[in-house]
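S.K.: I'd like to ask some things about the structure below.
The values are calculated or read from the model by the stated rules, or taken from the named source; none is laboratory data. It should be emphasised that the depicted structure is a prediction, and the values quoted were computed from it without experimental measurement. All Cβ positions, glycine included, derive from the backbone under ideal geometry; neighbour counts span all protein chains shown. Surface areas here come from the heavy atoms of the whole protein model, side chains and all, with no ligands, DNA or RNA. Shrake-Rupley method; radii C 1.70, N 1.55, O 1.52, S 1.80 Å.
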Amino acid sequence: MDLRLEPADGPLTTGECLGLLRSVATGRLVYNEDALPVVRPVTFATPDGEIVIPTDDNPWFDRFDGTVLALEAGSIASPTRAGWTVLAIGRSRLLHGTGNLDGFDDPARAPWSDVPGARYLVIDIRRLSGHRITLLRPAGDHR
């Protein structure tokens with residue numbers, strides 16, 4: 001039996017990053033607006049090396065067609081303040097329907113049903129990084 005413990009902090013492999021992204025349904029879309037960083041929570045899936053965000057046909061997402069975006073997702077356990085964070089960066093495109101997306105053609109793997117006419121923002125992952133993290137707890141902080 002292997003009794004090695006995972007390090008509390010440290011980098012994640014590409015495979016670990018993809019597995020962790022697939023384990024959560026929400027993340028934070030990171031983009032620039034008026035030369036300032038902006039973060040917006042979104043629902044997403046990562047079926048096969050792409051981030052797929054349902055846009056519900058909202059024209060607000062049109063601004064991102066062809067731009068470079070980032071998506072951050074993570075999980076931190078409140079009692080221990082230990083967890084992980086993953087950052088994916090890539091060029092985005094708007095897509096009508098899921099017909100051209102790998103992973104959506106298999107109902108067992110598809111995260112949601114394709115609705116006729118639905119649009120999606122798809123980010124082709126070009127850079128992927130992640131870390132196990134433990135946040136500091138100042139003395140006397142019992143939250």
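S.K.: Give the residue that is most open to solvent (accessible area, probe 1.4 Å), with candidates limited to residues of the range 19-73 that are among the charged types (D, E, K, R) and within 16 Å of ARG91 (Cβ to Cβ).
M.R.: Per the stated criteria, the residue is ARG63.
S.K.: Is it the case, given these coordinates, that VAL24 is closer than 30 Å to HIS142 by Cβ, within 15 Å of the chain's Cα centre (by Cα) and in contact (Cβ under 8 Å) with a residue 60 or more places away in the chain?
M.R.: No, not satisfied.
S.K.: Restricting to strands (runs of 3 or more DSSP E) lying wholly in the range 36-143: which have 2 or more residues that are under 21 Å from ARG22 (Cβ atoms) and hydroxyl-bearing (Ser, Thr, Tyr)?
M.R.: Result: 82-96, 119-134.
S.K.: Would you check which residues across the range 79-94 are surrounded by fewer than 17 Cβ atoms within 10 Å (Cβ to Cβ) and touching a residue at least 12 places away in the same chain (Cβ under 8 Å) and list them?
M.R.: If the condition is that a residue be surrounded by fewer than 17 Cβ atoms within 10 Å (Cβ to Cβ) and touching a residue at least 12 places away in the same chain (Cβ under 8 Å), then THR80, ARG81, ALA82, GLY83, ARG91, ARG93, LEU94 are the ones that fit.
S.K.: Same structure, new question: Run down VAL42, VAL30, VAL38, VAL68 and say which single residue is modelled with pLDDT of 95 or more and either basic (Lys, Arg) or over 26 Å from GLY103 (Cβ atoms) (or both).
M.R.: From the options VAL42, VAL30, VAL38, VAL68, the qualifying one is VAL38.
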